[in-house]
Amino acid sequence: MTADRHPLSMTVNGNRIDLVVESRRTLAEILREDLGLTGTHLACEHGVCGACTVALDGKAVRSCLMLALQADGGAIETVESLCDDDGALGPLQQAMADSHSFQCAFCAPGFLMTAHCLLAEDRDIGPTRDEIREELSGNLCRCTGYQSIVDGVERAVTALVEARNA
Amino acid sequence: MPAFCYHRPATVEEAVGLLAEYGSDAKVLAGGQSLVPLLALRLSHPEHLVDIGRIDGLAAVDDGPAGFTVGAAVRHADVELSPVTGRAAPLVAAAMPHIGHRAIRNRGTVCGSLAHADPAAELPAVALAADAEMVVRSASGERTIPAADFFLGYLTSALDETELLTAVRFPSWPRSTGGSVAEVSRRHGDYALVGLAAVVGVGDGGRVERAALSFFGAGATPVRVTEAEQVLVGEHPDPAAFAEAADVVTKSIEPPGDNHATAAYRAHVAGVLTRRCLAEAAGRATGGGA
């Protein structure tokens with residue numbers, strides 16, 4: 001079969017991207033291989049581990065479980081968007097670093113983007129520890145036992161709430 | 001992933017036209033949370049994918065006199081977060097937190113889960129318990145299929161290869177009726193080893209008028225255990241009746257055994273879930289809440 005190719009337009013971390021892509025390629029593959037955004041990690045490649053989580057129009061999605069063409073017209077955020085313009089860690093990243101959230105950190109991009117979407121939700125009070133655990137339950141970490149990761153997100157939530165009320 | 005031709009029809013007519021043209025060579029893509037893993041694992045290799053995710057007419061949730069209707073492009077998260085769902089379709093609302101994880105629910109669709117007909121998934125069992133109807137279109141017209149006739153076998157539904165499931169309709173939720181969904185899985189968000197969607201309707205005299213016990217992960221399709229439902233009808237919704245029903249469930253259900261759990265373990269868990277779900281559903285029925 002000759003390659004089935006279609007145009008794809010989306011914004012990735014605020015930049016407009018226009019490509020022509022083969023229909024069978026996933027969003028994760030396009031991000032990593034065509035756009036060089038290798039912060040998005042691929043592990044299980046069938047939606048179980050959460051390492052490839054990115055934000056699509058503000059919502060957490062598995063980029064390995066989406067054809068890139070399904071993201072046509074959408075706004076993608078990847079883990080590369082979380083740092084400040086000068087490359088310094090963003091607040092969520094800093095909170096997780098301060099909590100020693102990760103060890104090998106292969107899973108970190110997925111956890112960070114899942115937490116990023118949770119923190120971006122418009123709500124009066126930040127999520128509780130139980131809610132954080134529930135929201136992170138779709139991301140696997142084989143190093144830490146998760147407590148430090150939940151600690152890190154909780155630390156970010158606390159800082160966010162304090163900043164809002166300041 | 002194997003190569004295929006990608007189609008993005010703008011209308012239902014166009015979509016069913018493509019299905020009529022390509023037949024068994026085509027698969028429908030909605031949210032992709034079941035199909036894309038199958039493609040990634042090379043367990044499915046369709047020549048054509050028909051992406052219905054952009055069809056406007058399929059994107060609506062409707063709470064009308066005919067019931068609670070969910071279009072084929074509506075995602076789990078849309079239903080989960082809709083303020084209408086808890087009132088109009090409480091059993092669907094109860095199932096939502098059990099379906100995968102947030103990121104899965106942000107993409108996966110209600111109708112996609114039904115059409116996929118995984119017997120370990122929540123929504124087929126919910127549809128069966130709630131007497132839902134599938135609204136199905138093909139190039140030659142529309143028909144409806146009751147949930148009881150829809151799930152034929154493992155990943156097999158009554159949909160013809162040229163047909164598109166355009167919506168699922170849950171009948172209006174009766175008064176004094178409660179629902180409950182519970183499951184046991186190895187990890188939260190995984191497919192259930194066994195799960196149950198239960199409905200209890202209580203009459204004016206305080207006795208059970210209607211009961212539905214619809215199990216998932218317990219066979220090649222979602223399974224209603226009617227013998228246990230019959231045990232409940234006419235009884236007061238109390239722990240003794242629930243225990244009797246649970247006993248009937250454990251003895252009559254015939255779940256599969258595999259390397260995740262033995263058949264005997266699943267049958268035992270089915271009984272435990274029966275007691276828990278009936279207590280919760282009856283409490284919701286008599287407490288006035290959903």
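Which one is surrounded by the most Cβ atoms within 10 Å (Cβ to Cβ) among residues in the range B:60-78 that are of a type in the set (Gly, Ala, Ser) and more than 11 Å from every other protein chain (Cβ to nearest Cβ)? Looking at residues that are of a type in the set (Gly, Ala, Ser) and more than 11 Å from every other protein chain (Cβ to nearest Cβ), I get B:72. Taking the criterion of being buried (at least 19 other Cβ atoms within 10 Å of the Cβ) and either among the β-branched types (Val, Ile, Thr) or in a helix (DSSP H, G or I) (or both), the residues of the range A:125-143 that qualify are A:132, A:135, A:136, A:138. Scanning the range A:42-80 for residues that are away from chain B (no Cβ under 11 Å) and either among the charged types (D, E, K, R) or under 9 Å from the mean Cα position of the chain (by Cα) (or both) turns up A:51, A:77, A:78, A:79, A:80. Note on the range A:1-25: among residues that are farther than 19 Å from residue A:58 by Cα and polar (S, T, N, Q), the one that is farthest from the other protein chains (Cβ to nearest Cβ) is A:2.
Apart from one condition, residue B:87 fits all of (1) part of a helix (DSSP H, G or I); (2) over 19 Å from the mean Cα position of the chain (by Cα); (3) more than 13 Å from every other protein chain (Cβ to nearest Cβ); the exception is (2). The number of residues in the range A:117-153 that are within 12 Å of chain B (Cβ to nearest Cβ) and touching a residue at least 24 places away in the same chain (Cβ under 8 Å) comes to 8.
Do the conditions hold for residue B:57, that is, is it away from chain A (no Cβ under 14 Å) and at pLDDT below 95? In short, yes. Only one of the numbered conditions (1) in contact (Cβ under 8 Å) with a residue 12 or more places away in the chain; (2) in contact with a helix residue (DSSP H, G or I) (Cβ under 9 Å, 6 or more places away or on another chain) is not met by residue A:38, and that is (1). Quick check on the range B:6-50: of everything there that is facing chain A (nearest Cβ under 10 Å) and part of a helix (DSSP H, G or I), which residue is surrounded by the most Cβ atoms within 10 Å (Cβ to Cβ)? In this case the residue turns out to be B:36. Flag not set for residue B:62, criterion: in a helix (DSSP H, G or I) and over 30 Å from residue B:3 (Cβ atoms).
May I ask you to say which residue of B:231, B:184 is closer than 30 Å to residue B:33 by Cα and surrounded by 16 or more Cβ atoms within 10 Å (Cβ to Cβ)?
Working: B:231 fails: closer than 30 Å to residue B:33 by Cα.
That would be B:184, the only listed residue that is closer than 30 Å to residue B:33 by Cα and surrounded by 16 or more Cβ atoms within 10 Å (Cβ to Cβ).
From the list B:34, B:24, the lone residue that is over 23 Å from the mean Cα position of the chain (by Cα) and either over 22 Å from residue B:78 (Cα atoms) or touching a residue at least 24 places away in the same chain (Cβ under 8 Å) (or both) is B:24. Listed by first and then second residue, the pairs linking a residue in the range B:127-150 that is farther than 22 Å from residue B:195 by Cβ and basic (Lys, Arg) to a residue that is assigned to a helix (DSSP H, G or I) and at pLDDT 95 or above, with Cβ atoms under 8 Å apart and 6 or more places separating them unless they lie on different chains, are B:137/B:12; B:137/B:16.
The values are calculated or read from the model by the stated rules, or taken from the named source; none is laboratory data. Source: prediction; values computed, not measured. When we count neighbours, we look across all protein chains shown, and the Cβ atoms used for this are built from the backbone with ideal geometry, even at glycine.
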